[in-house]
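Have a look at the structure below, then the notes.
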Amino acid sequence: MIQRTPALIEARNTTGSESWQKILANAIRDPHQLLRALDLPDSLLAGMEAGHERFPVRVPAPYLSRIRRGDMNDPLLRQVLPLMAETRSAPEFLADPLAEQESDAALSPGLIRKYRSRALLIVSGACAINCRYCFRRHYPYADQQLGRSRQKQALEHIRQDSDINEVIFSGGDPLTMNDRHLGQLARELAAMPQISRLRIHTRLPVVIPQRVNDSLLEWLSALPVPVVIVLHINHPREIDQEVTQAMQRLRGAGVTLLNQSVLLRGVNDDADTLEALSEALFSAGILPYYLHGFDPVADAGHFDAGDDRGRALMRTLLTRLPGFLVPRLVREVPGKDSKWPLDLGLLPE
Ligand SMILES: *Cc1c(COP(=O)(O)O)cnc(C)c1O
Ligand code: SF4
């Protein structure tokens, strides 16, 4: 295979269609701008500003283009719209619901090891979109991010531990990192004899499908181990033509595509939406993996649909979809050595 230099690859990708970096840099970061772009009522502004102060607005153009104008209940908008409710969240919603900041799971800065065979690297603290329900709104990911020296230390830890056979790139969003850096990191890990696959947890190819460019596909397809990308899509309308094409390109590079969603009140907490989501995922070449029960994140209590609602929805989904299109409803329980499936109850008579 002919190796092109990274410089040439980066240059080629900035010609033609707009680069993902430019789209990311031009994302909406201001409540007024969001309000105007979507013809939202002025009555929302005070809440938007109050929420924005706690966790800034960030919405990139490709995601914005899928939101219905003038509809404050649009399920895509709900995921990015700051509301006054964020300032009135009940005290049982916590800043660090998964107790990650005190956990001994942090092996070295930027490396989290909760489960025996998988280690998670916080490759980047940045995201391309700010999701209001995310616990990242309180977690100091920027401090946890891998720098050069931390990366060396983290790789040493992984190399020494033969129980780890899978490394997960996470964040934030790991794909906010440039391909030269990511490709190097991936090659170094894939060269370790005990590593049988790499995994990437990302929302970027969904919110900015232009992220799936030639330089990404090039290093992904050249790796000597299989790659799994776990996307994060909560609603079927997040998948448009561009996203579907990006998924086809990833599959063409040999990547296995899975999806995790979060159960969110007012976004996807009804059976029709979840059914349509599974169908849309399959049409785009993605299999549902997890449906996460909502973590009690401070300032985001208005998204909590409750576990009983989640269980009821799962029972309905089981009757409507083939087994391979039903995600597993799980919850992260601090201290547990895997994500925990929510019990759906006794078999019906
Ligand atoms: C979610 C998570 C994983 C991956 O769990 P799977 O059940 O394998 O998807 C690994 N490490 C950490 C720290 C996680 O939070
Ligand atoms: S980590 Fe994922 S869910 Fe959280 S803000 Fe970033 S993209 Fe959204």
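In this structure, Ser65 does satisfy being more than 16 Å from ligand 1 (Cβ to nearest atom), out of contact with any helix residue (DSSP H, G or I) (no Cβ under 8 Å at 6 or more places or on another chain) and open to solvent by 30 Å² or more (accessible area, probe 1.4 Å). Look at the range 24-45: where a residue is under 27 Å from Asp173 (Cα atoms) and a partner is open to solvent by 30 Å² or more (accessible area, probe 1.4 Å) and part of a loop (DSSP other than H, G, I, E, B), sitting 6+ places away or on another chain with Cβ atoms under 8 Å, you get Ala27/Arg58; Ile28/Arg58; Arg29/Pro56; Arg29/Arg58; Leu38/Arg69; Leu38/Gly70. With the structure loaded, tell me whether Asp214 is more than 20 Å from the chain's Cα centre (by Cα) and either modelled with pLDDT of 95 or more or more than 16 Å from ligand 2 (Cβ to nearest atom) (or both) or whether it fails that test. Answer is yes for this residue. Contact map, the range 245-264: first residue on the phi < 0 side of the Ramachandran plot, second residue assigned to a loop (DSSP other than H, G, I, E, B) and of a type in the set (D, E, K, R), Cβ cut-off under 7 Å, separation 6 or more or different chains; pairs are Leu263/Asp269.
Results for (1) open to solvent by 20 Å² or more (accessible area, probe 1.4 Å); (2) in contact with a Pro (Cβ under 6 Å, 6 or more places away or on another chain); (3) under 25 Å from Ile168 (Cα atoms), shown as yes or no for each residue.
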{"residue": "Arg251", "(1), (2), (3)": "yes, no, yes"}
{"residue": "Val255", "(1), (2), (3)": "no, no, yes"}
{"residue": "Ala276", "(1), (2), (3)": "yes, yes, no"}
{"residue": "Thr316", "(1), (2), (3)": "yes, no, no"}
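Identify the residue in the range 228-244 that is free of Cβ contacts under 8 Å to residues at least 40 places away in the same chain and more than 16 Å from ligand 2 (Cβ to nearest atom) and, among all such residues, is farthest from Ala186 (Cα to Cα). Give the derivation first.
Taking the range 228-244 first, the residues free of Cβ contacts under 8 Å to residues at least 40 places away in the same chain are 228-229, 232, 241.
Imposing the further condition that a residue be more than 16 Å from ligand 2 (Cβ to nearest atom) reduces the set to 228, 241.
Numbers: Val228: 12, Gln241: 29 Å.
It comes out as Gln241.
The sole residue among Leu120, Leu45 that is outside any strand (DSSP E or B) and open to solvent by less than 50 Å² (accessible area, probe 1.4 Å) is Leu45.
For the range 166-191, how many residues meet the condition of being more than 16 Å from ligand 2 (Cβ to nearest atom), more than 16 Å from Ala222 (Cβ to Cβ) and buried (at least 18 other Cβ atoms within 10 Å of the Cβ)? Quick ask: steps written out before the conclusion?
Keep residues of the range 166-191 that are more than 16 Å from ligand 2 (Cβ to nearest atom), which gives 166-167, 178-191.
If we keep only those that are more than 16 Å from Ala222 (Cβ to Cβ) as well, we get 166-167, 178.
Now narrow it down to the ones that are buried (at least 18 other Cβ atoms within 10 Å of the Cβ): 166-167.
Residues that pass the stated criteria total 2.
So for the range 201-220 (the condition being more than 16 Å from ligand 1 (Cβ to nearest atom), open to solvent by 20 Å² or more (accessible area, probe 1.4 Å) and under 16 Å from Arg66 (Cβ atoms)), does at least one residue qualify? Within the range 201-220 (the criterion being more than 16 Å from ligand 1 (Cβ to nearest atom), open to solvent by 20 Å² or more (accessible area, probe 1.4 Å) and under 16 Å from Arg66 (Cβ atoms)), the answer is yes, since at least one residue qualifies.
Within the range 81-117, can you find the residues that are surrounded by fewer than 22 Cβ atoms within 10 Å (Cβ to Cβ), modelled with pLDDT of 90 or more and more than 16 Å from ligand 1 (Cβ to nearest atom)? Across the range 81-117, the qualifying residues are Leu83, Met84, Ala85, Thr87.
Residues in the range 289-310: is at least one more than 15 Å from the chain's Cα centre (by Cα), within 30 Å of Ala186 (Cα to Cα) and either of a type in the set (S, T, N, Q) or in a loop (DSSP other than H, G, I, E, B) (or both)? No, the range 289-310 has no match at all.
All of (1) more than 23 Å from Ile286 (Cα to Cα); (2) touching a Ser or Thr at 6+ places or on another chain (Cβ under 9 Å); (3) outside any helix (DSSP H, G or I); (4) open to solvent by 30 Å² or more (accessible area, probe 1.4 Å) hold for Leu146 with one exception: (4).
Pull up the range 230-244, narrow it to residues that are of a type outside the set (A, V, I, L, M) and not in a loop (DSSP other than H, G, I, E, B), then point me to the one that is nearest to ligand 1 (Cβ to nearest atom). Full working, then the answer.
So in the range 230-244, the residues of a type outside the set (A, V, I, L, M) come out as 232, 234-238, 240-242, 244.
Okay, now just the ones that are also not in a loop (DSSP other than H, G, I, E, B), so 232, 236-238, 241-242, 244.
Details: His232: 12, Pro236: 22, Arg237: 25, Glu238: 20, Gln241: 29, Glu242: 27, Thr244: 24 Å.
Among residues in the range 230-244 that are of a type outside the set (A, V, I, L, M) and not in a loop (DSSP other than H, G, I, E, B), the one nearest to ligand 1 (Cβ to nearest atom) is His232.
Listed conditions (1) of a type outside the set (S, T, N, Q); (2) in contact (Cβ under 8 Å) with a residue 40 or more places away in the chain; (3) touching a helix residue (DSSP H, G or I) at 6+ places or on another chain (Cβ under 7 Å); (4) farther than 21 Å from Val59 by Cβ are all met by Gly172, apart from (4).
Quick grid of which residues meet (1) away from ligand 1 (no atom under 16 Å from the Cβ); (2) more than 25 Å from Asp214 (Cα to Cα); (3) assigned to a strand (DSSP E or B); (4) modelled with pLDDT of 95 or more:
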| site | (1), (2), (3), (4) |
| --- | --- |
| Ile158 | no, yes, no, yes |
| Ile164 | no, yes, no, yes |
| Ile168 | no, no, yes, yes |
| Leu175 | yes, no, no, yes |
| His181 | yes, no, no, yes |
| Gln184 | yes, no, no, yes |
| Arg187 | yes, no, no, yes |
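The values are calculated or read from the model by the stated rules, or taken from the named source; none is laboratory data. Note that this is a predicted model, so its numbers are computed, not measured. As a convention, Cβ positions derive from the backbone with ideal geometry for all residues, glycine included, and neighbour counts pool all protein chains shown. Each accessible area value is taken on the protein alone, full model and side chains, heavy atoms only, with ligands, DNA and RNA left out. Shrake-Rupley method; radii C 1.70, N 1.55, O 1.52, S 1.80 Å.
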